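Here's the structure we're looking at; comments come further down.
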Amino acid sequence: MSNQQPSTMAPRKLQLSASSVKQLSVQHQADELAQRYQRYFQASIASNDEEVAKIYQLRHRVYCEEFQFEPSNQLQMERDVYDGYSHYCRVQHLNSGLDAGCLRMVSPNKQQSIPLLDTCKSAISHQELHPENFAKESICEVSRVALDTQFRRRKIDRKNGATPAGAGLNEFSQKELRTFPYITMSLYLAASIVAEQCGIKHAYVMVEPKLARSLSMFGIKMTRIGPNIDYHGIRAAYHITLERFQEHLPMLYQPLFELIKQTVQPSPALLAGNTQLSSLLTEI
């Protein structure tokens, strides 16, 4: 008969480091963010005349009517010559069918240019990152970022007791409101997906320095390439590579990034650089 006493050692518990716990927490938040976004919004590429027209109309409401950066017109569509060779990213609010936000990627070929070089060339002082150092087919300019006012002013509206205007919109839920700040981020994520599929490596933007700092907090870490200039307010030119964008994308937005990849599918015409939708552009 054995005299060995039963072991009194408690079962070993799996212990996680503080960093592992934090990582799991962030992963949980990231998954919840993607699920919540998927419930209310969808990012895509405008691929037909009707979708592009809605983008022009949204831009007119924001750039012409609200901020008066550009003159209004009878067609109530804001557009210019660069739209002839641009990709359009859009975010649609699923409950209403409205476009909540949009941006364009001006993607030139050898004979074409970008707005930054044509209208604000003096805003570039960083010679190493000057757009002219790179092949035209490898650069783009992200511009005409526009969010519908209904998706920008919800906190103020609710505080003042106002209800959203629009086509049959009801009061937004608190869960929807918490998703609104990620509309802009999802537009930039969509743009990065299009850039990768089209072989674009360098992106340029003209934005307010305050916005650039805000985007940096979201993981979009751009390099400033020039001084402040007065162009519809104080703005500066920035550069970012696709590689740097993807490298610095925080874990919080990676599930959202993978989700958007499923709906951002450029057509063969877009991938070939033929983004001109003639029935709209010939009306300019």
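For the set Lys136/Lys221; Lys22/Lys221; Lys22/Lys201; Lys121/Lys210; Lys121/Lys201; Lys221/Lys261, the pairs lying more than 27 angstrom apart at their alpha carbons are Lys22/Lys201.
Full-extension gain between Glu196 and Leu177, please, as 0.36 nm times their residue separation minus the C-alpha to C-alpha distance. Don't jump to the answer; show the numbers that get you there.
Numbers: separation 19, 0.36 × 19 = 6.84 nm, distance 3.05 nm.
Here the segment from Glu196 to Leu177 would lengthen by 3.8 nm.
Neighbours of Ala237, meaning other residues whose beta-carbon lies under 14 angstrom from its beta-carbon, give a summed charge of -3 when Lys and Arg score +1 and Asp and Glu score -1. Counted by Cβ distance under 9 Å from His93, the other residues give a net charge of -3, where Lys and Arg count +1 and Asp and Glu count -1. Taking the average, over residues, of other Cβ atoms within 10 Å as the packing measure, peptides 131-139, 51-59, 83-91, 65-73 rank 83-91, 51-59, 131-139, 65-73 from highest down.
Find the Rg to Rh ratio for the range 63-128, where Rh is the Kirkwood radius over alpha-carbon pairs and Rg uses the same atoms.
Working: Rg = 15.3 Å, Rh = 14.6 Å.
My calculation puts Rg/Rh at 1.05.
If you take all other residues with their beta carbon under 12 Å from the beta carbon of Glu32, and give Lys and Arg +1 and Asp and Glu -1, the sum is +3. Couplings for the range 63-68, taken from phi via the Karplus curve 6.51 cos²θ - 1.76 cosθ + 1.60 with θ = phi - 60°, read 7, 9, 8, 7, 9, 6 Hz in order; Gly and Pro are left as x.
Where a number appears in this text, it was derived from the coordinates with a stated rule and is not lab data. Note that this is a predicted model, so its numbers are computed, not measured. Positions of Cβ are backbone-derived with ideal geometry, glycine not excepted, and every protein chain shown enters the neighbour counts.
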